[in-house]
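The values are calculated or read from the model by the stated rules, or taken from the named source; none is laboratory data. Small disclaimer: the values here were computed from a predicted structure and weren't measured. Because the Cβ atoms are built from the backbone with ideal geometry, glycine has one as well, and the counts that use them run over all protein chains shown. Ligands, DNA and RNA are stripped out before the accessible areas are found, and what is left, the full protein with its side chains, is counted by its heavy atoms. Shrake-Rupley method; radii C 1.70, N 1.55, O 1.52, S 1.80 Å.
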Amino acid sequence: MSAVEHRFGPYGGQYVPETLMPALAELERGWEEAWADAAFRGELDGLLRDYAGRPTPLYETRRLGEAAGRRILLKREDLLHTGAHKLNNALGQALLAQRMGKRRVIAETGAGQHGVATATACALLGLECVVYMGTEDMRRQEPNVHRMGLLGAEVAPVEGGARTLKEAVSEAIRDWVAHVEDTHYVIGSSVGPAPYPAIVRDLQRVIGDEARAQVLEREGRLPSRVIACVGGGSNSIGIFVPFVDDAGVELVGVEAAGEGLVYIRLSTQQNRRPVQSAPGGFEVVRGDSSHVLIEYRGTRNFGPGRHVIAVRPVNAAQRDIARSDLAMQRNAPSLSPREREVLQLAARGHSTRKIAEILRLSPATVKTHFEHAYDKLGARDRVSAVAECLRRGLIE
């Protein structure tokens, strides 16, 4: 019997086309053997240390702490090579692919960080790399698309649907079905059919292992609370797992709720009962089963990589045993100062030409600022953008 978890409580499992079942079984065997092999672990640890830059520091945010009225320590995963925690998983899975004789690697990406990390790992190990990305995300994340190209990866544009992460995942799975013999699919989030959630969890827990040791060395005690953002789940699971058995440490995940959602998901430590998040149910999505958002009319999320409609299996299991809280945070469009200025002047009735004169910009530049603001606000035109800003209190 496999030592790799297929389910986390009632969540997880393997819900994929029959053609992928042998590949999943091969992956599971390969992962068990690799994770138990001291040589593999040693090579990965060496790359994380010497190539990726681990351990990442623990930094106290003194001014933010003063404003919050409590001490706040940040685990600086942004200082890892490529700028995010994604490289922890990408290096491990690329090493695994190499060990299994897979010369071709595919991945999906939304914001581009997982794509860049996978392309980086493949360039290091000499593996062919194809990254699927929705064309809308490609437009919004052009610098990361350029980085992937520089690293030798092929960025495959996906035109279907909303042209974002969800469609990129579907296209990557189709590729894997067609090329399963020589291709490894590097999933970047703690989602998908088993053994992926367990693999991603084990490769990302280095974040929490380091953080726990660092805070004990620094403070002589554990923190009262560990907070992590939740998108695909790899970051939060990575820092939560080493603290799960520490009963005095509260674990809190904050998930982007988009525009239109007002639900708060909180576990109750007292009665240990699960609390439902948003209007949803227990469904199968992208190879695993978990809680999903069924009713989402009127919702909108501006952040690439945030288009995730299901709670990750490991997150869902932790929530059900009241081991972690999960709050949903509504969107606040991040208009630049110049975009606010342009919309503020538009609200006062100025034309594009007059706004250009006041701000000493070209009319074309002013138009570009308007277009960027429309995209962030989900507005059709100047009138609706100004109205939305006034409603939100973004301008006066």
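The share of accessible area on the stretch 1-118 that comes from carbon and sulfur is 54 percent, using a 1.4 angstrom probe. In the context of the full set of protein chains, residues of the stretch 76-183 present 38 Å² of accessible surface per residue (probe radius 1.4 Å, heavy atoms only).
Both numbers refer to the Cα atoms of the stretch 36-112; Rg and Dmax are 16.7, 53 Å.
Taking the Cα centre of the stretch 349-396 as origin, work out the dipole magnitude from +1 charges on Lys and Arg Cβ and -1 charges on Asp and Glu Cβ, in debye rounded to 20.
Numbers: 9 positive and 6 negative charges, 13 e Å.
Charge dipole, the stretch 349-396, about its Cα centre: 60 debye, nearest 20.
For a test of the definition: using alpha carbon positions, the gyration tensor, and the 1.5 limit on a/c, classify the stretch 96-212 as rounded, prolate or oblate. Walk me through the numbers before you get to the answer.
Numbers: a/c = 1.37, a/b = 1.24, b/c = 1.11.
Since a/c stays below 1.5, the shape of the stretch 96-212 is classed as rounded.
Measuring between their Cα centroids, the stretch 2-27 and the stretch 45-111 lie 26 Å from each other.
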